[in-house]
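Read through the structure below, which is laid out as structure tokens, and then see the notes.
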Amino acid sequence: MELLEKQIEGLIYISADDGVSLKQIISITEATDDAVLEGLDNIKKRHEDSNSALELVDYGEKYHFITKPECFETISKFLNLNKVKQLSQSQLETLAIIAYKQPVTRIEIEEIRGIGSEITLRKLLAAELISEAGRLDTPGRPILYQVADNFFDTFQMVSLNELPKLQEQEELGELFQ
């Protein structure tokens with residue numbers, strides 16, 4: 001393994017759950033885009049082809065090491081985790097609305113869902129699945145919400161482009177009726 005790959009692997013390792021972006025890797029290593037991309041590809045292949053418990057993934061445009069699925073049971077026992085952390089129906093609905101319409105206000109979410117969403121929004125904020133994206137420049141200056149980096153990790157997505165396409169905007173409202 002060459003020095004650049006060691007540096008990249010070390011950066012990804014120390015970034016832990018936060019991950020590290022391609023831009024950060026290039027800036028820190030002062031390597032070319034092509035060299036870093038080649039290094040990332042080599043690291044990914046090396047972990048796929050070996051008996052390593054880790055794999056390299058790109059979620060939310062940040063590189064992370066995660067454990068391979070066959071290690072889940074052992075690690076979850078160590079960490080006392082449930083196999084799948086369940087989100088409630090209201091949390092999933094609210095997340096879907098935010099993902100498709102972001103940035104979006106609580107009132108807009110409630111108009112689509114037809115029910116209050118303040119508590120659900122608080123839970124999603126606490127779980128770091130959504131974040132505040134600023135405030136709308138209207139009376140009352142309502143908070144705008146967007147998905148957070150943890151959303152991409154949780155749902156193993158690189159970008160919102162991976163969401164299923166809706167035929168028409170009305171379909172979003174129909175999903176929750």
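For Q86 and L166 in one chain, what is 0.36 nm times their gap in residues minus the Cα-Cα distance, to one decimal in nm?
Taking 0.36 nm per residue and subtracting the Cα distance, the gain is 26.3 nm.
Give the lysines reachable from K77 as a straight Cα distance under 17 Å; neighbours fewer than 8 places away on the same chain don't count.
K68, K85
Would you please calculate the Kirkwood hydrodynamic radius of segment 3-78 over all C-alpha pairs and express it in Å, rounded to one decimal?
Taking the inverse mean of 1/r over all distinct Cα pairs, segment 3-78 comes out at 12.8 Å.
With Kirkwood's inverse mean 1/r over C-alpha pairs for Rh, give me the Rg to Rh ratio of the chain, two decimals please.
Rounded to two decimals, Rg over Rh is 1.05.
Provide the per-residue ³J(HN,Hα) series for segment 50-60, in order, calculated from phi with Karplus coefficients 6.51, -1.76, 1.60 and θ = phi - 60°, each as a whole number of Hz, with x at glycine and proline positions.
Each residue of segment 50-60 in turn: 10, 8, 4, 7, 10, 9, 8, 10, 10, 10, x Hz.
In debye, nearest 20: dipole of segment 89-174 around its Cα centre with unit charges on the Cβ of K, R (+) and D, E (-)?
In debye, rounded to 20, segment 89-174 gives about 280.
How about K165: which lysines have a C-alpha closer than 16 Å to its C-alpha, ignoring those fewer than 8 places off in the same chain?
K101
Under a straight-distance cross-link criterion of Cα-Cα below 20 Å, which aspartates and glutamates are reachable from K45, leaving out those fewer than 8 residues away in the same chain?
Candidates past the 8-residue exclusion: E2, E5, E9, D33, D34, E55, D58, E61, E70.
What stretch of the chain, leaving out the sites themselves, is the longest with no trypsin sites (Lys or Arg not before Pro) in a DSSP loop having at most 10 other Cβ atoms within 10 Å?
Longest site-free region, per DSSP loop and neighbour criteria: 1-82.
Each value in this text was obtained by applying a stated rule to the coordinates, not by laboratory testing. Remember, it's a predicted structure, so these values are computed and weren't measured experimentally. Positions of Cβ are backbone-derived with ideal geometry, glycine not excepted, and every protein chain shown enters the neighbour counts.
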